[in-house]
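Trainee: One structure follows; several queries about it will come next.
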Amino acid sequence: MVVSMTGFGRSKADSEQHTVTVEMKSVNHRFSECYIRMPRQLMKLEEKIKKKVSQSVKRGKVDIFITITGEGLVHKNLHIDWKLIQDYYQLVNKVKETFSLDDEVQLSHLLNREEFVLIEELEEENEQLEDLVLNAVDQAAIELRKMREKEGELLKEDFLIHLKQFENKMEDLINHAPEVVNHYRERLRKRILEYNETSFDETRLLTEVAIFADKSDITEELTRLESHIQYFHTTMQDDAPIGRKLDFMIQEMNREVNTIGSKANDSFIATIVVELKSTLEKLREQVQNVE
């Protein structure tokens, strides 16, 4: 199925102590990448979070934002180096005495120095909070997937419109192709008569026309294009990611159209080729957004 790589998902999970909010947004990317912004205390859950997201997102760049409110996220300990404070205080007094200084030692001189006072944050083991976060991530990933699938349905509708336009132009080519040889035969006949009105070698004319018909024959290219279009339709029904397959198929279709353009010695076909390439470019732009 057609799934877009752009989308947004949000979820919120509550417990008696905490509220977890998870937001995800995804955009186009050649591969699958996941970037997480969350409290440092939850970094150990990074791989579990990525694994959950990968179940819903197979391709694209996903940014995840996790916020937590509540108590008990960390436990703080206060450490005071009394020995270092005492040594520092004695040193200050010694300097004052040596240089006859009158400055007083203030409390702020001691407590504002990180060497003396350290507040240490310790992570709290909280399995309930971790489960709450993972459940919120799971729900946000589901919401993200739903939006990507909804956007994918719109892409599919657009694909079908462009493919129909492409097929209509191919039908014009199929109908016009036989006329190319007939027009060439008449042009060649008139040109020969302009230079030689008395004699006319019909066999030589038929030989030249046959050579032209063989060189300008686009039946094989049209057959392959029909096959590619059918494959495009079939691929859109696959459950697996299809973006790369569709992109490759458009490259193949573009190659066939270029071949038709190089073979064509006809203004009408040249015009159709330009229109076909324009349609393929529109398809290619949209396919870049498919998972």
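The values are calculated or read from the model by the stated rules, or taken from the named source; none is laboratory data. Source: prediction; values computed, not measured. All Cβ positions, glycine included, derive from the backbone under ideal geometry; neighbour counts span all protein chains shown.
Trainee: Any chance you could count how many residues in the range 8-49 are within 14 Å of the chain's Cα centre (by Cα) and either hydrophobic (A, V, I, L, M, F, W, C) or not assigned by TED's automatic domain parsing to the domain that holds L132 (or both)?
Mentor: Total meeting the criteria: 4.
Trainee: Also, quick follow-up: Looking at (1) at pLDDT below 65; (2) surrounded by 11 or more Cβ atoms within 10 Å (Cβ to Cβ); (3) assigned to a helix (DSSP H, G or I), can you tell me which one E194 breaks?
Mentor: Failing condition for E194: (2).
Trainee: Is the range 128-142 home to any residue that is in a helix (DSSP H, G or I), of a type outside the set (A, V, I, L, M), in contact with a strand residue (DSSP E or B) (Cβ under 6 Å, 6 or more places away or on another chain) and closer than 30 Å to V20 by Cβ?
Mentor: Residues of the range 128-142 in a helix (DSSP H, G or I): 128-142.
With the extra rule that they be of a type outside the set (A, V, I, L, M), the set shrinks to 128, 130-131, 135, 138-139.
Pick out the ones that are also in contact with a strand residue (DSSP E or B) (Cβ under 6 Å, 6 or more places away or on another chain) and you get 135, 139.
Checking the rest, the ones that are also closer than 30 Å to V20 by Cβ come to 135, 139.
The answer is yes, given that some residue of the range 128-142 is in a helix (DSSP H, G or I), of a type outside the set (A, V, I, L, M), in contact with a strand residue (DSSP E or B) (Cβ under 6 Å, 6 or more places away or on another chain) and closer than 30 Å to V20 by Cβ.
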